[in-house]
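Here is the structure we will look at, set down as structure tokens.
Taken together, the values in this text are just the output of simple stated rules run on the coordinates, not laboratory data. Not measured: the values here are computed from a predicted model. No Cβ is skipped: glycine too gets one built from the backbone with ideal geometry, and neighbour counts run over all protein chains shown.
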């Protein structure tokens, strides 16, 4: 996402059909300069030395976005898809990668994941792993994070695994047909949907929420190629 | 003498066609720029960027947008208007030339 303006001059960008380091290269119609999509820098042409300014955007689900912005506008979809000879060649999200190159194959492209990141680190928890374990814990840039699964709502809850300065370690305990998420330190039970202790010595206390994405692996890994993946 | 000459011509002809001198593109063109390589896979605009995008209200879009469908969401810094672009569009067009806060932007993914 970039502004397409350089030195006050507006540019119209197009798809050049080229890849640089396996990523999309754009071109502007005004000067023919080639631009990398990954970092918005001019690669070749009259505007070499210039950069496009990045515009912050949020990638999330329609449901999550409309919850945050109920009055949002959205790009209209056309009728039947345009028929290009390249439709099949490029568009296979299960093998996501631009122009037929293979995407990150650690997981299937359409595997759902819970993705958590900060400036220097990114971790993906496959939904299948989360559903099986009910709670997964790891360090994100050195800080403890717990991803819990609220089975009845089919929703993850992602929290800092720290309470009042003390780290907590979470695990899942099966009680008959139910699975309880407890901390090892006090044995308190936690609501995965609210991040709140519902019984035990810490009852009533809340964990701090951590922003996350619930998306397909192909989308997450395209943005965060250095992501770690939590396995079983 | 003639036989040797014809063999030579055949060999040279083969060598030239393999290198693409006969005008046919046999292999992807590669170019080193900086610390990376640029390859040409398609002609420009083989994948058409989307210009003059049209937006609809959320209520109408709810009929054909799926809950779990991925979107890129933006907030107009001037008007506070939220705008979303389905990744479906970005997969088909790669680039949407749009405007935000009075400035031209390119929505890419």
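Structural remarks
- Take the Cα of residue A:105, step 7 Å toward its Cβ, do the same at residue A:208, and the gap between the two points is 4.1 nm.
- Using R0 = 30 Å, the C-beta based FRET efficiency linking residue A:48 and residue A:118 works out to 0.35.
- Averaged over residues, the count of other Cβ atoms within 10 Å places the peptides A:179-187, A:143-151, B:33-41 in the sequence A:143-151, A:179-187, B:33-41, highest first.
- The mean count of C-beta atoms from other chains within 10 Å of the C-beta of residues in B:83-89, rounded to a whole number, is 6.
- Protection proxy ranking of A:220-228, A:168-176, by the mean of other Cβ atoms within 10 Å over each peptide's residues and highest first, is A:220-228, A:168-176.
- Whole-angstrom gap from segment B:36-109 to segment A:156-232, using each part's C-alpha centre: 34
- Relative contact order of segment B:58-108, pairs being alpha-carbon contacts under 8 Å that are 6 or more residues apart, as %: 25
- With a 10 Å cut-off around each Cβ of A:1-12, the average count of Cβ atoms from other chains is 4.
- Here the contact order of segment A:5-44, divided by its residue count and restricted to Cα pairs under 8 Å and six or more residues apart, works out to 27 percent.
- Here the relative contact order of chain A, from alpha carbon pairs under 8 Å that lie six or more residues apart, stands at 15 percent.
- When the alpha carbon coordinates of chain A are projected onto the principal axes, the ranges are 67, 37, 36 Å, largest first.
- Projecting label points 7 angstrom from Cα along Cα→Cβ for residue A:12 and residue A:138 puts them 4.4 nm apart.
- Note that segment A:5-44 carries a Kirkwood radius of 10.1 Å, evaluated over its alpha carbons pair by pair.
- Against the compact-protein benchmark of 2.2 N^0.38 Å, the Cα-based radius of gyration of segment B:58-108 scales to 1.19.
- Test item: B:57-68 mean partner chain Cβ contacts at 10 Å: 5
- Cα gyration tensor, segment A:112-214 - rounded (a/c under 1.5), prolate or oblate: oblate
- Each principal axis of the Cα cloud of segment B:26-85 was evaluated for its coordinate range; sorted largest first, these ranges are 50, 27, 25 Å.
- Ordering of B:94-104, A:13-23, A:45-55 by packing [mean C-beta count within 10 Å, highest first]: A:13-23, B:94-104, A:45-55
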